[in-house]
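Some notes on the structure that comes next.
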Amino acid sequence: MMKEAGDGFVRADQIDLRSLDEQLERHLSRTRTMEKKKRREEERGLGGGERRGEEWEIDPSKLVIKGVIARGTYGTVHRGIYDGHDVAVKLLDWGQEGTRTEAEIAKLRDDFLLEVSVWQKLDHPNVATFMGAATGVRDLSIQTENGNLVVPNNVCCLVVEYLPGGTLKSFLIKNRRRKLPFKVVVQLALDLARGLSYLHSKKTVHRDVKTENMLLDKMRTVKITDFGVARIEAQNPNDMTGETGTLGYMAPEVLNGNPYNHKCDVYSFGICLWEIYCCDMPYPDLSFTEITSAVVRQNLRPEIPRCCPSSLATVMKRCWDATPEKRPEMNEVVTMLEAIDTSKGGGMIPLDQPQGCFSCFRRHRGP
């Protein structure tokens, strides 16, 4: 049956049911999206017409900043509490009071946002947990022994989980004389290797792998931190150049200003592995210039002790090979380390024990 269109009826066989279904689905999809967005804003306390920020933005009113842990060129790292959690707070001063040029401030701001963009996407047991960040925050309150100290100028802060064990470097320095049991050496190395393997699986290159950028939690688990120079790996290695990193840990191709990829992290891991085993610093008697020249032109590497088990020495040598293509992927390094038998010892000989050649060939070499 059919009546005129003016009476509100149409012929059933002229109705486009597929089109109606598509329109309904689009409407429901928009509704679901808006509901999810509203829930996220309510969870972040951004309802009621407040400014909507980035997903990683923290609420500064929930942040309590305490004493200084470390100082750097552009800011300080503090202990703190955020929303009931123990945190480390990196405060960066952009120097809006005339101490830096606009170009310098813009560069610092861009670097900060790059670090946040990389870190916020990471989730792994061997990577320090990113809690959030804030840009352009004024009047942050810092608790000191003498009361609250207000930071009046415009700063940005990055908030991550607090790791009470300090840096891996400090831990190794404390054990310089006693050295570490071999099973501890391999476990620390595995933690670092697994973290780097995860980063590389996410196409992220850390570019400053060193024991100073690794922190320990209360269970002595290694966690990678400081993504200030980390980058998403470029498709074309020619897009990644420049001497980025720390001398002593930098791969030859980086030192030489050549194109590089994630294998520069593998090289740095090899140096860290030697450092973990020896509890010592690589190249302590060389200047920066001498290190650069010797690593690139003379293939200089740290000297592996004779008492070092061949299984571990092989990992070091493969990782710091001068040719990036010959270095293993970090997931392969994890497999090699997992295969090492630590039950018979094999650690470095403590400095208060005999250091003669025969001590290196005892059945239980070191702890």
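The values are calculated or read from the model by the stated rules, or taken from the named source; none is laboratory data. All values reported here derive from a predicted model rather than from experimental measurement. Note: ideal-geometry Cβ built from the backbone for every residue, glycine included; neighbour counts use all protein chains shown.
When you go through (1) farther than 13 Å from Glu275 by Cα; (2) at pLDDT 95 or above; (3) touching a strand residue (DSSP E or B) at 6+ places or on another chain (Cβ under 7 Å) one by one for Leu168, which number turns out not to apply?
Only one criterion is unmet by Leu168, namely (1).
Would you confirm whether any residue within segment 264-280 is in a loop (DSSP other than H, G, I, E, B) and surrounded by fewer than 18 Cβ atoms within 10 Å (Cβ to Cβ)?
Scanning segment 264-280 turns up at least one residue that is in a loop (DSSP other than H, G, I, E, B) and surrounded by fewer than 18 Cβ atoms within 10 Å (Cβ to Cβ).
Scan segment 273-309 residue by residue and report those that are within 19 Å of Val184 (Cβ to Cβ) and of a type outside the set (A, V, I, L, M, F, W, C).
Within segment 273-309, Glu275, Tyr277, Asp280, Pro305, Pro309 meet the criteria.
Restricting attention to segment 314-328, report how many residues are part of a loop (DSSP other than H, G, I, E, B) and among the acidic types (Asp, Glu).
1
Of all residues in segment 247-263 being farther than 27 Å from Phe171 by Cα and assigned to a helix (DSSP H, G or I), which is nearest to the chain's Cα centre (by Cα)?
Per the criteria, the residue is Val254.
In segment 284-313, what residues are of a type in the set (Ser, Thr, Tyr), in a helix (DSSP H, G or I) and exposed (fewer than 14 other Cβ atoms within 10 Å of the Cβ)?
Residues satisfying the conditions are Thr289, Ser310.
Being touching a residue at least 60 places away in the same chain (Cβ under 8 Å) and in a strand (DSSP E or B) is the filter; apply it to segment 181-233 and report the residue that is surrounded by the fewest Cβ atoms within 10 Å (Cβ to Cβ).
Ile232
Does segment 324-333 include one or more residues that are touching a Phe, Trp or Tyr at 6+ places or on another chain (Cβ under 6 Å) and crowded, with 17+ Cβ neighbours inside 10 Å?
No.
Would you mind stating whether Glu115 is of a type in the set (Asp, Glu), within 20 Å of the chain's Cα centre (by Cα), surrounded by 13 or more Cβ atoms within 10 Å (Cβ to Cβ) and at pLDDT 75 or above?
So Glu115 fits the description; yes.
Take His124 and decide whether it is modelled with pLDDT of 90 or more, of a type outside the set (Val, Ile, Thr) and assigned by TED's automatic domain parsing to the domain that holds Gly67.
yes
Evaluate segment 314-329: report whether one residue or more is at pLDDT 95 or above, polar (S, T, N, Q) and within 24 Å of Asn126 (Cβ to Cβ).
Yes, that holds for at least one residue.
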